[in-house]
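Asks: Have a look at the structure that comes next, please.
The values are calculated or read from the model by the stated rules, or taken from the named source; none is laboratory data. Here the structure is a predicted model, which means the values were calculated and not measured. Methodologically, a virtual Cβ is constructed for each residue, glycine included, from the backbone with ideal geometry; neighbour enumeration extends over all protein chains shown. Keep in mind that these areas ignore ligands, DNA and RNA; they rest on the heavy atoms of the full protein, side chains included. Shrake-Rupley method; radii C 1.70, N 1.55, O 1.52, S 1.80 Å.
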Amino acid sequence: MAQVEMVLPAMGEGVMEATVLEWLKQEGDTITLDESVVEVATDKVDTEVPATVEGVIKSILVQKDDVVQIGSPIAIVETEGGDDAPAEEPLKDVEEVAQTIMSDINQAASFPTEISAKSGNRFYSPLVRNIAKTEGISQEVLDSIPGTGKDGRVTKDDILSFIKDGVPQSAPAKTVAPAPVAQTSAPAPAPKAVTPPPAVALDNGDEVIEMDRVRKMIADRMVSSKHTAPHVTSCVEADLTNVVLWRNKHKESFKKKEGANLTFMPIIISAIAKAIKEFPMINVQVDGSNIVVKKDINIGMAVAMPNGNLIVPVIKNADRYSLSGLAIKIQDLSIRARENRLKPDELQGGTYTVSNIGSFGNTIGTPIILQPQVAIMAIGTIRKKPAVIETPQGDTIGIRQFAYFSHSYDHRVVDGALGGMMVRKVADILEGWDLNQEV
């Protein structure tokens, strides 16, 4: 018999720690490879961690509500075989952990010396230190921020809330000797005070509901996106009559053949992927003063959860899928998203996002960009409308199927011409849909 440490595996890009929500297995339980053993929460998703070895759980090293660093041991598993038995799966995890640790080391090396990983009895994660660096928060001020994490640790939510609400009165300030100035110089203007948001007045019968963790996370990201990127929205109206006719023609046979629904979403995502290939500068991200042009076209799609929150699973390399492949992939991701069964990697790496606001009966929207992407497209509901139809015999009036496409983009790097041409190209592809093509 051999004892193997089961570690918390890498949970996706930028995730440094996770909170234990619930152990699904207990000490003494037998586990099989890839069986879910513990549920954890990160700042991106709640997910189940699968077993990396087979055996019996001898001891659980972390408890519910504990915050665990990526790569840290969470349990001891007793496996069959001697001490020299091969451990292929644990070795794979060690490689992932090593890459994560090296990434943390490289990232930490770029921080200014005044922001320390540890100050007194406090530990600051690379994410918190990076936010502090970006926002110009000194070590003294960072040390003054109340922490709600384990052992008083400052979490991402703590520092973002601090930035939003302003520096507290008790926060220490750096003492800087004033530079000598001529008597004729005008006095420097006083720093502008940060005005806290007005208190909400409560009336009889009002109900106060505390935001859940996911809603707080969404709120922080939406505020951050609007603060980071100047949003501009361009809209076009597309004639989707051919798309509607084609889909109605194939949806029943496709359902029987593939066991999946042929919705409008795979058709639209296919058109968006083609348009991105023609306008690759819409598939970029901003890194300081640099523009990173992404090689892969990874399209995220917003999915409404049963509680009303939104989650955005990502279709990696969406341009490489056939229509049938996209339809099957979209249905699978949507179902597992609503059942909270997505893997962390399926929420990472998006380079462009689409939101189907038409599913709520909406026609036009102004979606907020999902950082660090630079664009997002909202699709309105499809409606029948009278329209002028050009024929060799002259113009006539007919009933057509129309939808609005709303394209929000980051005006730092996407000008109106590019943003407008991108959404127009998507509409052109859909309006020219071939009624004779196969699924």
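Asks: Give the residue, chosen from Val236, Val214, Val243, Val223, that is more than 26 Å from the chain's Cα centre (by Cα) and in a helix (DSSP H, G or I).
Replies: The unique qualifying residue is Val243.
Asks: If you don't mind, there's one more thing I want to ask. Would you say Ala10 is in a strand (DSSP E or B) and closer than 22 Å to Pro313 by Cβ?
Replies: For Ala10, the condition - in a strand (DSSP E or B) and closer than 22 Å to Pro313 by Cβ - is not met.
Asks: Restricting attention to the stretch 291-313, report how many residues are farther than 18 Å from Arg221 by Cβ and outside any loop (DSSP other than H, G, I, E, B).
Replies: 4
Asks: Determine if the stretch 418-431 includes at least one residue that is over 28 Å from Gly361 (Cα atoms) and open to solvent by 80 Å² or more (accessible area, probe 1.4 Å).
Replies: No, the stretch 418-431 contains no residue that is over 28 Å from Gly361 (Cα atoms) and open to solvent by 80 Å² or more (accessible area, probe 1.4 Å).
Asks: Restricting the stretch 133-153 to residues that are assigned to a helix (DSSP H, G or I) and either closer than 21 Å to Thr19 by Cβ or open to solvent by 70 Å² or more (accessible area, probe 1.4 Å) (or both), which is modelled with the lowest pLDDT?
Replies: By that ranking, first place goes to Lys150.
Asks: Let me ask something else about it. Might you check whether a residue that is farther than 29 Å from Leu370 by Cα, out of contact with any His (no Cβ under 8 Å at 6 or more places or on another chain), open to solvent by 90 Å² or more (accessible area, probe 1.4 Å) and not in a loop (DSSP other than H, G, I, E, B) occurs anywhere in the stretch 192-211?
Replies: no
Conditions tested, residue by residue: (1) open to solvent by less than 40 Å² (accessible area, probe 1.4 Å); (2) of a type in the set (A, V, I, L, M); (3) under 20 Å from Leu430 (Cα atoms).
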| residue | (1), (2), (3) |
| --- | --- |
| Val312 | yes, yes, no |
| Ile369 | yes, yes, no |
| Pro372 | no, no, no |
| Ile382 | no, yes, yes |
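Asks: Residues that are farther than 19 Å from Glu346 by Cα and polar (S, T, N, Q): which strands (runs of 3 or more DSSP E) entirely in the stretch 24-69 hold 1 or more of them?
Replies: Because the criterion is at least 1 residues that are farther than 19 Å from Glu346 by Cα and polar (S, T, N, Q), the strands (runs of 3 or more DSSP E) in the stretch 24-69 that meet it are 55-60, 67-69.
Asks: Would you confirm whether or not the stretch 393-405 contains a residue that is touching a Pro at 6+ places or on another chain (Cβ under 8 Å), under 23 Å from Pro280 (Cα atoms) and at pLDDT 95 or above?
Replies: no
Asks: Going by the structure shown, is Val4 modelled with pLDDT of 80 or more, closer than 30 Å to Gly136 by Cβ and in contact with a helix residue (DSSP H, G or I) (Cβ under 8 Å, 6 or more places away or on another chain)?
Replies: When the stated conditions are applied, Val4 does not pass them.
Each row is one residue, and each column tells you yes or no for (1) crowded, with 16+ Cβ neighbours inside 10 Å; (2) among the acidic types (Asp, Glu); (3) at negative phi; (4) over 23 Å from the mean Cα position of the chain (by Cα).
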| position | (1), (2), (3), (4) |
| --- | --- |
| Phe254 | yes, no, yes, yes |
| Asn261 | no, no, yes, yes |
| Pro266 | yes, no, yes, no |
| Gln285 | yes, no, yes, no |
| Val292 | no, no, yes, no |
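Asks: Could you please give the count of residues in the stretch 246-287 that are touching a strand residue (DSSP E or B) at 6+ places or on another chain (Cβ under 8 Å), part of a helix (DSSP H, G or I) and closer than 17 Å to Gly420 by Cβ?
Replies: Number satisfying all stated conditions: 5.
Asks: So, one more: Given the criteria of a type outside the set (A, V, I, L, M) and surrounded by 17 or more Cβ atoms within 10 Å (Cβ to Cβ), does Ser234 qualify?
Replies: yes
Asks: If you don't mind, another one. Please verify whether the stretch 241-248 includes one or more residues that are surrounded by 18 or more Cβ atoms within 10 Å (Cβ to Cβ), in contact (Cβ under 8 Å) with a residue 60 or more places away in the chain and more than 30 Å from Ile389 (Cβ to Cβ).
Replies: no
Asks: Take Asn298 and decide whether it is over 30 Å from Asn436 (Cα atoms), modelled with pLDDT of 95 or more and crowded, with 18+ Cβ neighbours inside 10 Å.
Replies: no
Asks: Any residue at all in the stretch 40-57 that's touching an Asp or Glu at 6+ places or on another chain (Cβ under 9 Å), small (Gly, Ala, Ser) and surrounded by 16 or more Cβ atoms within 10 Å (Cβ to Cβ)?
Replies: yes
Asks: On to the next question. Being among the aliphatic types (A, V, I, L, M), within 14 Å of the chain's Cα centre (by Cα) and either open to solvent by less than 10 Å² (accessible area, probe 1.4 Å) or over 24 Å from Val243 (Cβ atoms) (or both) narrows it down to one of Ala378, Ala403, Ala337, Ala318, so name that one.
Replies: Testing whether each residue is among the aliphatic types (A, V, I, L, M), within 14 Å of the chain's Cα centre (by Cα) and either open to solvent by less than 10 Å² (accessible area, probe 1.4 Å) or over 24 Å from Val243 (Cβ atoms) (or both) leaves just Ala337.
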